[in-house]
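In what follows, a structure is listed as structure tokens, so that the remarks can point back to it.
The values are calculated or read from the model by the stated rules, or taken from the named source; none is laboratory data. Just so it is clear, the model here is predicted, and its values are computed rather than measured. Heads up, the Cβs are rebuilt from the backbone with ideal geometry, glycines too, and the neighbour counts pull from every protein chain shown. Heads up: the accessible areas ignore ligands, DNA and RNA and are worked out on the full protein's heavy atoms, side chains in. Shrake-Rupley method; radii C 1.70, N 1.55, O 1.52, S 1.80 Å.
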Amino acid sequence: VAGDGVSDGYLGDPEKTAQRFLPGGWYRTGDLGSLLPDGTLVYLGRADRQVQLKGYRIELGEVEAALHAVPGVSECVVRLDEKGAEPRLVAWLVTGERDDRAIRAALKPLLPAYMIPSLFCRVERLPLTANGKVDDAALTVSVPEETRAPSTGVPHADEIAEIWRQVIGIDTLSYDDNFFDIGGTSMHVAEIHRRLVDRFVVDDIKMVDLFEYPTVNALAGYLTDLRNI
């Protein structure tokens, strides 16, 4: 990168100059990239693409870089979806992997829980604008019906799962998924507890029980034994 515009605004500001200009004539552009094992350099966008979710500041490019490291993911983009009841991270993937749990398991060593997307949407290709950037307006949230977790037969598991989906803001889950692995937080626990008490009219259940029984099946079984509902 060269030209008078590169240095505009840095004159007389040694601290900012040191941040952007490196020895050897290199200049930090503020862009993010991911170097794949085959030597391909993937442009991920700007380094300042921060969003705020559940009190955390999240760099979307960092989430995308982690997704690129997941086997089978060739392209991806992550956005903050604020159209639902609660904001959530959504990832659009070009991949042959159809199991959300496998993708979450691969991301778990790479990202903290609050940075793992709540929903993964599969696309054949990422929509692009005329200048080659991702077309955000063309990114639609869709959940194929066949990806929804079927009933397991445990009494009231379906009702509990629906409460989890509404409060956490996710579309799919396995009834054996850990609450905290799919985006649940301690802030969600209070709301889920309130809804459980209202729905099942059980005063005996405590918020700590949601930590001890962190899956839909485990919690449904506990409620059944607790009150024989």
Count - residues of the stretch 67-83 that are under 19 Å from PRO109 (Cα atoms) and open to solvent by 40 Å² or more (accessible area, probe 1.4 Å): 3
Leading residue by the ranking (modelled with the lowest pLDDT) among those in the stretch 89-112 that are within 21 Å of HIS188 (Cβ to Cβ) and open to solvent by less than 60 Å² (accessible area, probe 1.4 Å): ASP100
Near pairs, Cβ below 7 angstrom, 6+ apart or cross-chain, from the stretch 98-112 (part of a loop (DSSP other than H, G, I, E, B)) to any residue that is surrounded by 17 or more Cβ atoms within 10 Å (Cβ to Cβ): LEU110/ALA66; LEU111/VAL63; LEU111/ALA66
Residue check for ARG125: assigned to a strand (DSSP E or B) and open to solvent by 70 Å² or more (accessible area, probe 1.4 Å): no
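Return yes or no: is VAL90 closer than 18 Å to GLU124 by Cβ and over 10 Å from the mean Cα position of the chain (by Cα)?
Criteria not met by VAL90.
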